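Participant: Once you've had a glance at the structure underneath, I'll fire off some questions.
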Amino acid sequence: MSEEVLLYERVGKVGKVILNRPKVRNALNRELVEGFGDAIRRADADPETNVIVLCAAGEKAFTAGFDLKESIEVPIVDVPARRENSLMELNNWRAIWDAKKPVIGSVQGYCIGGGVWMAFMCDLLIASEDAKFGEPELKYSYINDVLIEPWKMTMNRVKQLAYLGDFMSAQELKEAGVVNFIVPLDRLEEETMKLAARLAEQPAESIRMLKYEINKTYEIMGMRSAMEFAAEMFNLCRIHQVQEQSEFNRVVQEQGLKAAMAWKESQDGKK
């Protein structure tokens, strides 16, 4: 039996949802993506807890992002199926937003692509000093399909993160107003649980109503509709990417992502 890619643990009044693929830096494969929403909803429904912590196994990465090789090997380009898949991903990530209980994201090491969206969806974010957040999707001719960033950062910061693909440190994101707390890596779990315990002692129903009140205000401002529009734009981009990047995709399938990136750089140098 294969190891579970998502774990759930209860620690006092805190429910922990754990990304559990440390050998591959918690890369988001299909099994993890499809099960993620249910894992959050299970934690939210646990009557013994008041707070959810989203964290990841291992020290090197919260997550290395989506498994691009997997998506390239089995591309979804039929329009209805493409829309269904994007909506599934959006709803699973948005389970953090829709959870009645507050969700604390606890991030160490690399946090890439879909991991950024997971972390940004959380109500509070605590990160280790070595945490690095990045969205390299544009390099692979992808765009975001879960666009939470404009609701957490200023416009130029969002474009810096998305256009350039450079990593931003935990300190940079703290200055941008996204990361709440930064701690040494060896104290991340301890400090995360201290923060969670503090929230867990707040009046449970009141903090749930407060979360709903704040989130609903952002939805009235257009957040939910904007995210669904972003998913539609991703669908168009993904179909275009498969059609236009067929040679890149072939190299990924035959030689791996690293070789494909080297091939792409060599082609760009000829232009």
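Participant: Calculate, for Glu247 and Lys139, the FRET efficiency according to 1/(1 + (r/R0)^6) with r their C-beta to C-beta distance and R0 22 Å; round to the nearest 0.05. Provide the component values of the computation, followed by the final result.
Facilitator: Details: r = 16 Å, r/R0 = 0.71.
Calculated transfer efficiency: 0.90.
Participant: Separate question: Tilt of helix 79-98 relative to the longest C-alpha principal axis of the chain, in degrees (0 to 90, nearest 10)?
Facilitator: Taking Cα atoms only, the helix is inclined about 30 degrees.
Participant: On C-alpha positions alone, give me the angle between the axis of helix 188-200 and the longest principal axis of the chain, in degrees, nearest 10.
Facilitator: Between helix and principal axis, roughly 50 degrees.
Participant: Step through the table entries Lys139/Lys264; Lys101/Lys216; Lys101/Lys152, compare each Cα-Cα distance with 21 Å, and write down the pairs that go over it.
Facilitator: Beyond 21 Å: nothing from the list.
Participant: While we're on this one: Taking GluC sites (Glu not before Pro) as exposed when DSSP calls them loop (any state but H, G, I, E, B) and at most 16 other Cβ atoms lie within 10 Å, what is the longest stretch of the chain free of them, the sites themselves excluded?
Facilitator: Details: sites that count: Glu3, Glu4, Glu48, Glu59, Glu129, Glu201.
Longest stretch, sites excluded: 130-200.
Participant: What is the spread of the Cα atoms of segment 196-270 along each of their three principal axes, largest first, in whole Å?
Facilitator: 60, 30, 21
Participant: Determine the shape class of segment 60-129: with a ≥ b ≥ c the square roots of the Cα gyration tensor eigenvalues, call it rounded for a/c under 1.5, and otherwise prolate if a/b is greater than b/c, oblate otherwise. Could you put the intermediate results ahead of the total?
Facilitator: Values: a/c = 4.54, a/b = 1.46, b/c = 3.11.
Oblate is the answer for segment 60-129, as a/c is 1.5 or above yet b/c matches or exceeds a/b.
Participant: For segment 62-210, restrict the atom set to alpha-carbon positions and state the Rg and Dmax in Å.
Facilitator: 16.3, 48
Participant: Let me ask something additional. Taking a cut-off of 19 Å between Cα atoms, list the aspartates and glutamates near Lys194, but don't count ones fewer than 8 places away on the same chain.
Facilitator: Glu9, Glu48, Asp123, Glu129, Asp186
Participant: Starting from the 7 Å offset along Cα-to-Cβ, what nm value, one decimal, do you get for the label separation of Asn215 and Glu84?
Facilitator: Going by the 7 Å Cα→Cβ label model, 2.6 nm.
Participant: Taking the Cα centre of the chain as origin and charging only Cβ (+1 Lys, Arg; -1 Asp, Glu), how large is the dipole, in debye to the nearest 20?
Facilitator: That gives the chain a dipole magnitude of about 280 debye.
Participant: With +1 on the Cβ of every Lys and Arg and -1 on the Cβ of every Asp and Glu, and nothing else charged, how large is the dipole of segment 1-126 about its Cα centre, in debye rounded to the nearest 20?
Facilitator: Dipole of segment 1-126, to the nearest 20 debye: 300 debye.
Participant: Can you tell me what share of the DSSP beta bridges in the chain is antiparallel? A percent to the nearest 5 is fine.
Facilitator: Numbers: 9 of 31 bridges.
Restricted to the chain, the bridges split so that about 30 percent are antiparallel.
Participant: Okay, next question. Picking from Asn85, Asn50, Asn144, which is most flexible by a Gaussian network model of the chain using Cα springs under 10 Å?
Facilitator: Asn85
Participant: Right, something else. Which of the aspartates and glutamates could be linked to Lys69 by a straight reach, that is with a Cα gap under 16 Å, when you skip same-chain ones fewer than 8 residues away?
Facilitator: Qualifying aspartates and glutamates at Cα under 16 Å: Glu31, Glu137, Glu247, Glu254.
Participant: Decide, for segment 40-98, between rounded, prolate and oblate: order the square roots of the alpha carbon gyration tensor eigenvalues as a ≥ b ≥ c, take rounded if a/c falls under 1.5, and otherwise choose prolate if a/b is larger than b/c, else oblate.
Facilitator: On the way: a/c = 3.91, a/b = 1.49, b/c = 2.63.
Taking the square roots of the gyration eigenvalues as a ≥ b ≥ c, segment 40-98 is oblate.
Participant: Report, please, the projected area of the chain averaged over directions, based on the convex hull of its C-alpha atoms, in nm².
Facilitator: Values: hull surface 60.1 nm².
With the hull built on Cα positions only, its mean projection is 15.0 nm².
Participant: Follow-up question, since we're still on this one. With axes computed from alpha carbons, what is the tilt in degrees of helix 204-220 against the longest principal axis of the chain, rounded to the nearest 10 within 0 to 90?
Facilitator: The angle comes out near 40 degrees.
Participant: Related question: Pull out a ≥ b ≥ c, the square roots of the eigenvalues of the alpha-carbon gyration tensor of segment 6-84, then state rounded if a/c is under 1.5, prolate if not and a/b is larger than b/c, and oblate in the remaining case. Don't jump to the answer; show the numbers that get you there.
Facilitator: On the way: a/c = 4.05, a/b = 1.60, b/c = 2.53.
It comes out oblate by the Cα gyration axes.
Participant: In square nanometres, what is one fourth of the surface area of the convex hull spanned by the alpha carbons of segment 181-229?
Facilitator: Working: hull surface 20.3 nm².
Over every viewing direction, the Cα hull of segment 181-229 projects on average to 5.1 nm².
Readers should treat all values here as calculations from the given coordinates under stated rules, not as data from a laboratory. Bear in mind that the values here come from a model prediction, so they are computed numbers and not experimental data. Don't worry about glycine lacking a Cβ; one is built from the backbone with ideal geometry, like all the others, and counts go over all protein chains shown.
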